Amino acid sequence: MKFKCAELKEYQIVGKPLSKANEKTPIYKMRIFAPDEIVAKSRFWYFLRQLKKVRKVNGEILRMTLVSNKSPTKIKNFGIWVRYDSRSGSHNMYREYRDVSATGAVTQCYRDMAARHRARAHSIQIMKVEVVKAGECKRPIIKQMHDSSIKFPLPHRILKYNKKSIF
Amino acid sequence: MLYQRYIEIGRVCYIRLGEHAGKTCVVVDMVDQKHLLVDGPMSGVPRSTIRLNQVAITDLKIAIPRGCKTNKVRVELTKADISTKFAKTSLSKKAEAKKDKAGLGDFERFKLRVAKTT
């Protein structure tokens, strides 16, 4: 069960099954979005167990690195391929988000899935996260921001922020 | 025009809330309907994303291309002399007055109270 209060972090985790004697074992690399290292390692084994015949008991993590954002001031369009469990079955989805970082986009995705499909974090699997070029985006909400001379007013603006405590 | 002030590329904004409250910045790009990429090289705001409700729009605007570099923003800001123009706006003056009022000592507050009642 994932508990997320801030933005997720992106980890690159490399692991492999333990090798007996001199046999060569394959090495697997995964891109995990998690709030901290412990959850990241846990999710790595969770996915690896589903995809390959490796368990945490029979495997080892070779390397875990925190991936930092290479361009934090450039806005990108992210296409996220998700698999999630609804109340009656498992479905694949392709979702698009606009953000400055992949971690921001994936965090948005989790929030969005919870809001729109009541999907909890444990039932969501992020399959692929990729930067999508503006021309190849599919969702109109994302495409509406691709206007080079974009402008909009703020009609009916209500500023509710009140810092004073009630008592 | 029905609306005077638009959120657009190059619009000078005043940051109401957050880490950089009280400073001005320029809209460089837009993430979505609720988030902007802003930059304030002259006022000490690093290039970062900000929420729309943290920001108040001003009348001032500079001509910059979408997503341009910080240096270009700095050049255009000095060319348009935004810092002096912003100091003349009522928003800036009200913010200054608020800051002065918050910095009053007890005696100053007493003097103010007396001056208001006479």
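Filtering the range B:33-42 to residues that are open to solvent by less than 50 Å² (accessible area, probe 1.4 Å) and farther than 16 Å from A:SER148 by Cβ leaves B:VAL38, B:ASP39, B:GLY40, B:PRO41.
For the range B:7-41, residues that are outside any loop (DSSP other than H, G, I, E, B), free of Cβ contacts under 8 Å to residues at least 40 places away in the same chain and within 11 Å of chain A (Cβ to nearest Cβ) total 10.
Screening the candidates B:LYS79, B:LYS98, B:LYS61 for the property of being open to solvent by 90 Å² or more (accessible area, probe 1.4 Å) and touching a Lys or Arg at 6+ places or on another chain (Cβ under 7 Å) yields one hit, B:LYS61. Contact map, the range A:9-30: first residue farther than 29 Å from A:TYR110 by Cβ and β-branched (Val, Ile, Thr), second residue open to solvent by less than 90 Å² (accessible area, probe 1.4 Å) and part of a loop (DSSP other than H, G, I, E, B), Cβ cut-off under 8 Å, separation 6 or more or different chains; pairs are A:THR25/A:LEU18; A:THR25/A:SER19.
Looking at the range A:110-133, can you tell me whether even one residue there is of a type in the set (Gly, Ala, Ser), away from chain B (no Cβ under 14 Å), within 27 Å of A:GLN50 (Cα to Cα) and not in a helix (DSSP H, G or I)? Yes: the range A:110-133 contains one or more residues that are of a type in the set (Gly, Ala, Ser), away from chain B (no Cβ under 14 Å), within 27 Å of A:GLN50 (Cα to Cα) and not in a helix (DSSP H, G or I).
Yes/no per residue for (1) more than 23 Å from A:LYS151 (Cα to Cα); (2) away from chain A (no Cβ under 14 Å); (3) without any contact (Cβ under 8 Å) to a residue 24 or more places away in the chain:
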position	(1), (2), (3)
B:GLY44	yes, yes, no
B:ALA56	no, no, no
B:ARG66	no, no, no
B:LYS69	no, no, yes
B:LYS88	yes, yes, yes
B:LEU104	yes, yes, yes
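Could you say which residue among A:ILE150, A:ILE75, A:ILE126 is open to solvent by less than 90 Å² (accessible area, probe 1.4 Å), touching a helix residue (DSSP H, G or I) at 6+ places or on another chain (Cβ under 8 Å) and either modelled with pLDDT of 95 or more or under 21 Å from B:ARG66 (Cα atoms) (or both)?
Numbers: A:ILE150 fails: touching a helix residue (DSSP H, G or I) at 6+ places or on another chain (Cβ under 8 Å); A:ILE75 fails: touching a helix residue (DSSP H, G or I) at 6+ places or on another chain (Cβ under 8 Å).
On inspection, the qualifying residue turns out to be A:ILE126.
Report yes if A:ARG98 is part of a strand (DSSP E or B), touching an Asp or Glu at 6+ places or on another chain (Cβ under 6 Å), touching a residue at least 12 places away in the same chain (Cβ under 8 Å) and among the charged types (D, E, K, R), otherwise no. Considered against the rule, which asks whether it is part of a strand (DSSP E or B), touching an Asp or Glu at 6+ places or on another chain (Cβ under 6 Å), touching a residue at least 12 places away in the same chain (Cβ under 8 Å) and among the charged types (D, E, K, R), A:ARG98 comes out as yes.
The values are calculated or read from the model by the stated rules, or taken from the named source; none is laboratory data. Computed from a predicted model, the values in this text were never measured in an experiment. All Cβ positions, glycine included, derive from the backbone under ideal geometry; neighbour counts span all protein chains shown. Calculation scope for accessible area: heavy atoms of the full protein, side chains included, ligands and nucleic acids excluded. Shrake-Rupley method; radii C 1.70, N 1.55, O 1.52, S 1.80 Å.
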